[in-house]
Amino acid sequence: MTVHPLNTISGEFACPNREATFRHERLPESVRHGRLLFGASILLNALFLISDWRFYGEPHFWVAVPARLTVVVVSLLCFAVVRHAKTFRFAQRTMLTWEALTALAVALLVSSRSDIALVAALLSPAVYLLVVPTSFRWTLIAGCGCAGLMMAGYMLPLPVPSTALGLLLGALTSNTAFILVVVQSNRLRRLEWAAVQAERNANVELARSRRLIESLFRAVPIPLVVKPVNKAEVI
């Protein structure tokens with residue numbers, strides 16, 4: 001059986017062709033997962049948008065509503081587009097577009113420094129790292145980029161809030177843990193897929209051997225008797 005080693009850092013297949021095969025076979029699942037993600041984003045942000053109308057007339061209203069509308073519209077577009085993905089690269093580009101535009105909108109939202117903004121600043125990178133089905137490289141870039149935008153949105157404009165250091169340390173700790181979870185998850189998914197592939201190949205080879213033996217028996221013009229070998233007789 002051919003052994004396909006995994007990358008120690010990313011948990012992905014070290015062989016690019018093997019990794020490409022894995023992504024291609026899991027494309028339908030990735031597309032379904034992406035549509036579920038975009039659908040949840042539409043629903044949740046629509047609910048938040050309705051809730052934000054209670055701030056009408058306050059400064060927070062003019063920040064929250066445009067940010068929420070942007071996320072809803074982008075999620076709707078990505079929900080419609082990703083279903084037509086025929087390759088993993090196309091699906092990944094759609095998800096990365098959603099991540100980039102959503103991160104900018106949420107960074108604007110957390111600039112209000114409200115309690116919910118603090119939660120969003122810590123939760124958004126976790127979504128990018130753990131939920132969006134992209135390659136490890138882009139998962140890392142999107143997750144770290146989102147975390148940077150959240151921190152910038154929360155701490156600017158000056159003065160920097162007194163909770164800045166604690167927020168930075170908390171984000172660093174949580175995101176490091178999330179990255180380790182991503183690596184472990186990558187390894188487990190690929191090991192499971194490789195085991196299924198090995199079993200499938202073994203079954204194909206077994207069926208092929210059976211057909212070959214049956215063909216040989218049919219081709220022989222005289223009767224043959226197959227007798228199991230007794231170990232004692234061999235000795």
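Miscellaneous remarks
- Restricted to Cα atoms, segment 114-182 shows a radius of gyration and a Dmax of 12.1, 37 angstrom.
- Each Lys and Arg adds +1 at its Cβ and each Asp and Glu adds -1 at its Cβ; summed about the Cα centre, the chain shows a dipole of about 880 debye.
- Semi-axes of the equivalent ellipsoid for segment 78-213, computed as √(5λ) from the eigenvalues of its C-alpha gyration tensor and ordered from largest down, come to 43, 18, 9 Å.
- Segment 1-69-segment 133-189 distance, computed between alpha-carbon centres (Å): 15
- Scaled radius of gyration (Cα, divided by 2.2 N^0.38 Å) that segment 1-118 gives: 1.38
- In summary, the helical segments of the chain meeting the span-like criteria, namely a full DSSP H run, a Cα extent along the axis of 27 angstrom or more and a mean Kyte-Doolittle hydropathy of at least -0.5, are 27-52, 59-82, 88-110, 136-155, 164-219.
- Using C-alpha pairs under 8 Å with a sequence gap of at least 6, the mean separation divided by the residue count of segment 16-196 gives a relative contact order of 20 percent.
- Shape descriptor for the chain: Rg over Rh equals 1.25 (Cα atoms; Rh from the Kirkwood inverse mean 1/r).
- Note on segment 1-52: Cα-only Rg and Dmax are 17.8, 58 Å.
- For the chain, calculated [θ]222 nm from helices alone, where every DSSP H run of n ≥ 4 adds -39500 (n - 2.57): -26500 deg cm²/dmol
Bear in mind that the values in this text are calculations on the coordinates, not laboratory data. Remember, it's a predicted structure, so these values are computed and weren't measured experimentally. Note that each Cβ is placed from the backbone with ideal geometry, even for glycine, and that neighbours are counted across all protein chains shown.
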